[in-house]
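So the structure is just underneath, and the comments pick up after that.
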Amino acid sequence: MSPAELRRANRRKIPWTMRFPGPVFSKEVWMLGKRPSTAWLRLVHVVVLLLVVSIVFMSLRDVSGGDGASAGLQRYQQLAPGLTVAVVWVEFVMLGLIAVALAAPAVCEEKQMGTLGTLLTTPLKAWQIVLGKGLGRIVELMVLALVPLPLLLALRSFGGVTAEALATTTATCLVNAVLAVQVGIFVSTVSRRAIGAILLSFILLGVVMFGPMLVVWAVLMIQSVAGGGGGGGGAAPGTGMTVFFVSSAPAMLFLQSFHYFFNESMGAPITMPVRDLWAMHIGYSLVLCVLFFGMSCVALRRVMDREGEGRAQKAEAAVVVAAATPVVAAEAGAEAVPVAALPKSPKRSRRRAPEGVSRTVGDAPVAWRELQQGVLRSRVLSVIAGLMLAGLLLFIYYVAAFEEPVQQVITAVGTAATLIACAVMSTGSIAQERESRTLEALLCTPLSAWDIVWGKFLGSARRASVGLILVLGHVLLSGVGAIPGGAVCRFIDTFLPRIAGRNIDPDWANPIALLHVAMILGSSMAFLLATGILCSARFKKSVIAAVFNIGLMLGLWLGTPLVVFIMTEITFGSSNGLGEFLQNTVMTTNPVVMSVIAVDGAMNVDWSAGGGTSRSLSYDMPGGDWNAVEFTFGMGVVTLLYVVLAWMALRRAAWVIGGPTSRRR
Amino acid sequence: MIETRGLTKKYGALTALDSLTLDIGPGQVFGFIGPNGAGKTTTMKILSCLMKPDAGTARVAGFDIAKDADDIRRVIGYMPDFLGVYDDLTVDEYLQFFAASFGIPRAQRGGIVGQVLELTDLSEKRHANVDSLSRGMQQRLGVARVLVHDPKVLFLDEPASGLDPRARIEMRSLLVELGKMGKTLMVSSHILSELGEMCTCIGIVERGKLLYAGSIEDAFAKAKTQATNGDRIVVTLEKDGAAASVVSGMLGTVERVVRATADDAAGTVTVDLTPGDHSHHFLIEAIIRAGGRIAGFQPEQVRLEDAFLRLTTGALQ
């Protein structure tokens, strides 16, 4: 039989029904279904959904109406839009998060377990693997999407919500979840570690979901600036750009849809048929899905090829090196091969010492090694990322000219992004040692558990400090105008309009904002890094640790304020002392809100007029204004609280590591 | 140097170690043999203080594993069956890292690293990245790692697993060298012939129970007793003499022969003798009397594999 005949015969043996969706799909559905982590994700999804729906229901139930069935039905109809909006938002956020959590480790785990090479020996194509992994996760997401279905149907039947509204918003949620899966799988093929893949997936997802919107916004801003209209220009309704602006970003689409369907005034209305917007968004997302699917296939093919080449190269290297070993060479009668002639190791981009050079390890080896790790895997990537970020900031500074809202937004986004990075960054510290089987070697040394935990914490803190430095750099740039006594501010105020060619009235912050933001962000970072290390010690897999720590962060700083605010409003009313105290307490411990208040409060003085001291600053806290001394004291207490909590989390992590090995903690 | 008394460890309903009692003297190279899941790795992890036993006591170099874990870590080296490496370090940095973990002063580390690299034949790869090493070299690096603090006791879990024949020979030579240096070694392996060549004593464990512990010679004798009750001789006959079946029939009547089995096609007769020390001349005389012409006369050597198979029941967990 000729090779061509053999190939044809082999193909005939596998019916197409078995090739699609294929064995990878079956395995993924089976494995995902029986993993405890998937069960936890389902539980969290249901609990969050129930919690939000309950809170929204309770907050909306106090609507006017009489007694009786018709009045009750009327009340339901009044509640329905609000509940639908809440369910859709929760579905959108939760399905996106879960999609990334499920998809980002998909290929990384295969790489780490060494099972990717096994797939090389099968006739499976890269597209079959990507498709199988993607579909397996989409099935899981579909199951999760069924959870709120009874509620949505009830809202449709009794609340008067239109089928179109439900269909469009639910479809948008699902399509975005599918997009998140595809992005996660693509990132997973190009990443080595699951933790990095999760973080990168979130960033990339943010870029594809909001990037076009930001580009359009930037173009409109430039047009606005060029037209002499000053900073802060907005989208002109009805233009083609605006359509893209709205339809590319799911959040914008939701706001527009809610306005259209429910007359909810949650976003700026744009006079466009919402059906067109919806169709454009679905189309845009599906095109992106196909694009990422194709890119994933190409990337996976290359990874598999590289893996095969790497193994062969390593095997050859081993043979040559063995021959070069003097004793063996003498036995085999072979000539020694000079080391320079040996095949080089596969090219890798990890940060390490230059070839042929070894660094001197410090006396605290765990901390030493952790401190050697870069934020990104290569210096080139770091420089590119740094330049892109700097360019973006400069652009924003240019078009928005240091206006107060922009300063607050940059601070809020920078703080939130830094905290998310912190929540993920340290969760791999212990779990990855366990996954790569290096933890046993470490535990066989006399190092105390505290040495290990503290070393990991220092390394994570060093890597996370980039975010802190960026935020502080921004605040410094904002606050520099106030030093000394507004002189610099006055100089720049006279200088900037000349280069910008327009009238600018920058808002400058008091440098005390630096101290406040450093306290707030630094302590909350330490807290998240410490809880990340604790999760890492507690959970076997770094991905589960990361998801848990992100959940903790969101629950603490997003879920708790929501619950407390709504519950206190319902229970005590808006002017109750206890309610205000609870709200104040919760908000004071929220680093994003406090950072914004710190910057906002520091700008409450007209520095260009040359007046103002720290005593005249006013901070807009939920329960009333605080002066600088009160705010500094309050933030000091919060800082202390987070530092103590971080220390307790680290001690607990040391206990978890040291317990089974009778180790000094 | 190592002593365990009634060491027991359970994973849920599964008993991984069942009252393991063992003594290993100083300078011994102890081969730890058993089927997969027999409890070898669990024993090593408990002795390395990576795991606590559910019951029983153990002492390593005179230290109690329950009370003196930190002291034990300073006198032992444990190499797990799968060696994880920090792939962002060079060989030198990797060894320095562990030297620093054992509190070796910075000034001494360079010299120590050089010595262990020379011993493990990795000097030429000193500044190579760890992940560029072959599997065999990584295993040798694993041995180098456990030697940096000059431990008295080494626990090596499957040190030759996954290595090619050349790398296995090198690993065996290295372990023999370590034995000569006076270190106490506890080595688990599935390659029993290699253990037979380098170990001074062995322990056979199955289902968490220690079936045998002692010298290799005693293991052979015990295996022999359990299986054949005596020596086994394989006689090869020349074709121009009496057939194998004829000779075996004749040998079956000899007093000290338990059983004689013929293979006419191969021209061999396998003879099982009664237990005890025998000279074999009576067999030769009987074969000649039967008309057989002897081409070969080979007492069968009991190998460690045979001893292992005969001492274990083959039950896996």
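Where a number appears in this text, it was derived from the coordinates with a stated rule and is not lab data. Since the structure is predicted, the reported quantities are computational estimates derived from the model, not experimental observations. Positions of Cβ are backbone-derived with ideal geometry, glycine not excepted, and every protein chain shown enters the neighbour counts.
Shape annotation for chain B: C-alpha extents along the principal axes are 78, 46, 32 Å, from largest to smallest.
Is it possible to state the helix-based mean residue ellipticity at 222 nm for chain B, with each DSSP H run of 4+ residues giving -39500 (n - 2.57), the sum divided by total residues, to the nearest 500 deg cm²/dmol? What is it? Write down the numbers at each step before the final one.
On the way: 11 runs with 113 residues, N = 317.
For chain B, the value works out to -10500 deg cm²/dmol.
Using the alpha-carbon atoms, what tilt in degrees (0 to 90, nearest 10) does helix B:91-101 show relative to the longest principal axis of chain B? Orientation of helix B:91-101: about 70 degrees from the principal axis. With the simple spin-label model, which puts each label point 7 Å out from Cα in the Cβ direction, the A:Leu124 to B:Thr57 separation comes to 5.3 nm.
State which entries of A:Lys456/A:Lys541; A:Lys111/A:Lys540; B:Lys9/B:Lys183; A:Lys541/B:Lys9 exceed 19 angstrom in Cα-Cα distance in the structure shown. Spell out each step's value before the answer.
On the way: A:Lys456/A:Lys541 17 Å; A:Lys111/A:Lys540 17 Å; B:Lys9/B:Lys183 27 Å; A:Lys541/B:Lys9 25 Å.
The answer is B:Lys9/B:Lys183; A:Lys541/B:Lys9.
Ranked for footprinting exposure by Cβ neighbours inside 10 Å, fewest first, A:Cys108, A:Cys535, A:Cys297 give A:Cys297, A:Cys108, A:Cys535.
Taking other Cβ within 10 Å of each residue's Cβ, how do A:Lys456, B:Lys10 sort, fewest first? The partial results should precede the final answer.
Details: A:Lys456 28, B:Lys10 14.
The most exposed by this proxy come first: B:Lys10, A:Lys456.
How much length would be gained if the chain were fully extended between B:Asp263 and B:Gln108, taking 0.36 nm per residue of separation minus their Cα-Cα distance, in nm to one decimal?
Working: separation 155, 0.36 × 155 = 55.80 nm, distance 6.63 nm.
Full-extension gain reported as 49.2 nm.
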